[in-house]
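See below for the structure under consideration.
The values are calculated or read from the model by the stated rules, or taken from the named source; none is laboratory data. Everything quoted here is computed from the prediction, not taken from an experiment. No Cβ is skipped: glycine too gets one built from the backbone with ideal geometry, and neighbour counts run over all protein chains shown.
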Amino acid sequence: MKSKRDLIVLLDFGAQYSQLIARRVRAEQVYCEIVPYNTPAAKIAAMSPKGIIFSGGPASVLDVGSPRCDEAIFDLGVPILGICYGMQLMAHMLHGKVEIPDEREYGQVEVEVKDEGQLLQGLKGRIKTWMSHTLQVSVPPQGFNILATTAHCDCAAFENRERRFYGLQFHPEVTHTPRGKEIFKNFLFNICGCSGDWQMKSYADEAIAAIRQQVGDKQVLLGLSGGVDSSVVATLLHKAVGDQLTAVFVNHGLMRKNEPEEIEAVFRPLLGEKLIMVDASERFLAKLAGVTDPETKRKIIGSEFIEVFAETARSLGRLDFLAQGTIYPDVVESSSATGTVIKSHHNVGGLPKDLPFCGIVEPLRLLFKDEVRELGTELGLPEHMVWRPPFPGPGLAIRIIGDITADKLLIVRESDAILREEIVASGLGREASQYFTVLTGLRSVGVMGDERSYDYTIAIRAVNTDDFMTADWLKIPYDILDKISRRIVNEVRHVNRVVYDITSKPPASIEWE
Ligand code: XMP
């Protein structure tokens, strides 16, 4: 996507915080793009960045084979900010000295700003920072001034004003460095001269223009799930190419109560006949009969989904482009080495080869989740859709422990609807990142009237999280829990017990399967 906006290029040396750096920059309304550490200087120059940031990273610059940037980057005349590994690399490549310190600094560390320079303008004195490093700069390269020190490190920040090179031993991007925002502002506005005018409105206009250019007069097919990402893609594409867009919603019968209807209510007026609702619930239920293993459930649902989608696509005749709601973290994660797969989250794998798409349209591939939401609001999508908590692709199937039947689906769907109603009514909706009920495989004894019952236990799960990698259970007030529990046992047949899951992630995961 071409434009005249200011750009900061972030060289990724494998830091766990790279995405966070990009988000901090974008939060200042300056567009930031992450590129691999070994991107050639010429390629970076062609992007015309206003500034370059070197991320941190787990390697040691003293090790042979540790990641290096193209040396010519230092001759581009563009300001560079190195963070942690990035600073050490800058020092190392420009002939300063980097060493293993006597004392390793990790966690909250106080930094004394001795000389504000340009980078630490307005921060004189002591500031709280977050450190995580095994090496440090002991002698800065020629032409660099030391700006700050710590009890164990004589060079916690440096700058070469003439060449506009800057380095920080600590991480300004994490919340544990409370004044990090000011440092970014100094770099972006005072040093790089960015104007901070990157807005969602301009992103939307650019994205629409780019889609028009890519698609021309051809046809686009989109799998619409009702989640934020695909809903935003549908709206954007519709604005860009109108009725050249066909959206297919595959109802696998594992959706929450009223969900297919709500999706239809939003998109039918927009897409008319070009919205195709496929009810494949019977088919999915038949395939899932008797299956208890969570990963097998996921695989069956994933491949069945592709089959239904592909069958529908074939029946539609001419198709040129496939649109997808890929977002930035997917792109970045899949291009770096990822860890062990704990749960297979990717539900839509490859489509059959006989579907003759000539290209893929991914208008969100440069956006973070919160930016996708902002874009959705900008495009006028209803609030409930924009703020919809994530719902897993395999849907309620992984919220029923054990095998799936129509009766069990009804139980989990109804109890979930009650929970959602009460959470929203209590005003906790925005506070909770995700909340749902689980039909545990457990049955237990109860008393209903004068009779003994032997029925199911429903578990409530509600969590707070920033990134879904770790999560805390939500402290729902007792009176609300009480109301939810009473309503579930009274209104949902075959439930005689409700429990609240008070485990954080880790060790538990958010979903039960
Ligand atoms: P876990 O259970 O791994 O969940 O702590 C983290 C987030 O991922 C969602 N999740 C899934 N999403 N397909 C998806 O699209 C899946 O198979 C899947 N499993 C978990 C979960 O809802 C939570 O938001």
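What the table below lists for this structure:
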{"read-out": "Selected residue (criterion: farthest from the chain's Cα centre (by Cα)) from residues of segment 402-416 that are among the hydrophobic types (A, V, I, L, M, F, W, C), surrounded by 18 or more Cβ atoms within 10 Å (Cβ to Cβ) and closer than 16 Å to K257 by Cα", "value": "I411"}
{"read-out": "Considering residues of segment 375-388 that are crowded, with 16+ Cβ neighbours inside 10 Å and assigned to a loop (DSSP other than H, G, I, E, B) only, the residue farthest from the ligand (Cβ to nearest atom)", "value": "L379"}
{"read-out": "Selection within segment 429-443 - more than 17 Å from E511 (Cβ to Cβ) and either among the basic types (K, R) or crowded, with 18+ Cβ neighbours inside 10 Å (or both)", "value": "R430, R443"}
{"read-out": "Those residues of segment 457-512 which are within 15 Å of the ligand (Cβ to nearest atom) and at positive phi, in sequence order", "value": "F468"}
{"read-out": "Total residues in segment 305-347, condition in a loop (DSSP other than H, G, I, E, B), surrounded by 16 or more Cβ atoms within 10 Å (Cβ to Cβ) and either modelled with pLDDT of 90 or more or within 16 Å of the ligand (Cβ to nearest atom) (or both)", "value": "6"}
{"read-out": "Subset of segment 393-412 that is farther than 19 Å from R493 by Cβ and either touching a Lys or Arg at 6+ places or on another chain (Cβ under 7 Å) or modelled with pLDDT under 95 (or both) - its residue that is farthest from the ligand (Cβ to nearest atom)", "value": "A397"}
{"read-out": "So K505, is it in contact (Cβ under 8 Å) with a residue 40 or more places away in the chain, of a type outside the set (S, T, Y) and closer than 21 Å to K257 by Cα", "value": "no"}
{"read-out": "Condition met for V233 (β-branched (V, I, T), outside the structural domain of F158 (by TED's automatic domain parsing), under 25 Å from the mean Cα position of the chain (by Cα) and not in a helix (DSSP H, G or I))", "value": "no"}
{"read-out": "Those residues of segment 291-307 which are touching a Gly at 6+ places or on another chain (Cβ under 8 Å), free of Cβ contacts under 8 Å to residues at least 60 places away in the same chain and among the β-branched types (V, I, T), in sequence order", "value": "I306"}
{"read-out": "Unmet requirement for G290, which otherwise passes all of (1) closer than 28 Å to V438 by Cα; (2) surrounded by fewer than 14 Cβ atoms within 10 Å (Cβ to Cβ); (3) modelled with pLDDT under 95", "value": "(3)"}
{"read-out": "Sole exception among (1) within 16 Å of the ligand (Cβ to nearest atom); (2) closer than 30 Å to E282 by Cβ; (3) at pLDDT 85 or above; (4) assigned by TED's automatic domain parsing to the domain that holds L221 for V372, by number", "value": "(2)"}
{"read-out": "Residue in segment 234-241 that is surrounded by fewer than 20 Cβ atoms within 10 Å (Cβ to Cβ) and of a type outside the set (D, E, K, R) present", "value": "no"}
{"read-out": "Tally of residues being surrounded by fewer than 21 Cβ atoms within 10 Å (Cβ to Cβ) and part of a loop (DSSP other than H, G, I, E, B) across segment 118-140", "value": "6"}
{"read-out": "Every pair of residues 6+ apart whose Cβ atoms lie under 9 Å, when the first sits in segment 277-288 and is assigned by TED's automatic domain parsing to the domain that holds T312 while the second is among the basic types (K, R) and assigned to a helix (DSSP H, G or I)", "value": "M277/R268; L288/K297"}
{"read-out": "Pairs with Cβ under 9 Å, 6+ apart, first in segment 31-54 and in contact (Cβ under 8 Å) with a residue 24 or more places away in the chain, second of a type in the set (K, R)", "value": "Y31/R5; C32/R23; C32/R24; C32/R26; V35/K43; Y37/R68; N38/R68; G51/R164"}
{"read-out": "Of all residues in segment 74-93 being assigned to a helix (DSSP H, G or I) and without any contact (Cβ under 8 Å) to a residue 40 or more places away in the chain, the one that is surrounded by the fewest Cβ atoms within 10 Å (Cβ to Cβ)", "value": "D75"}
{"read-out": "Matching residues in segment 421-479 - criterion: being among the charged types (D, E, K, R) and in contact with a Gly (Cβ under 9 Å, 6 or more places away or on another chain)", "value": "R452, D455"}
{"read-out": "Unique match (being within 35 Å of the chain's Cα centre (by Cα) and either within 26 Å of F368 (Cβ to Cβ) or more than 16 Å from the ligand (Cβ to nearest atom) (or both)) among L428, L439", "value": "L428"}
{"read-out": "Residues of segment 193-209 classified as in contact with a strand residue (DSSP E or B) (Cβ under 9 Å, 6 or more places away or on another chain) and at pLDDT 95 or above, total", "value": "2"}
{"read-out": "Unique residue being part of a helix (DSSP H, G or I) and more than 16 Å from the ligand (Cβ to nearest atom) when the list is S444, S453, S415", "value": "S415"}
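Yes/no per residue for (1) exposed (fewer than 15 other Cβ atoms within 10 Å of the Cβ); (2) outside any strand (DSSP E or B):
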{"site": "V463", "(1), (2)": "no, no"}
{"site": "M469", "(1), (2)": "yes, yes"}
{"site": "D479", "(1), (2)": "yes, yes"}
{"site": "R487", "(1), (2)": "no, yes"}
{"site": "N496", "(1), (2)": "no, no"}
{"site": "A508", "(1), (2)": "no, yes"}
{"site": "E513", "(1), (2)": "no, yes"}
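Here is a yes/no grid of residues against (1) in the same structural domain as V331 (by TED's automatic domain parsing); (2) modelled with pLDDT under 95; (3) of a type outside the set (S, T, N, Q); (4) surrounded by fewer than 19 Cβ atoms within 10 Å (Cβ to Cβ):
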residue	(1), (2), (3), (4)
G14	no, yes, yes, yes
R24	no, yes, yes, no
P36	no, yes, yes, yes
A41	no, no, yes, yes
A45	no, no, yes, yes
P49	no, no, yes, no
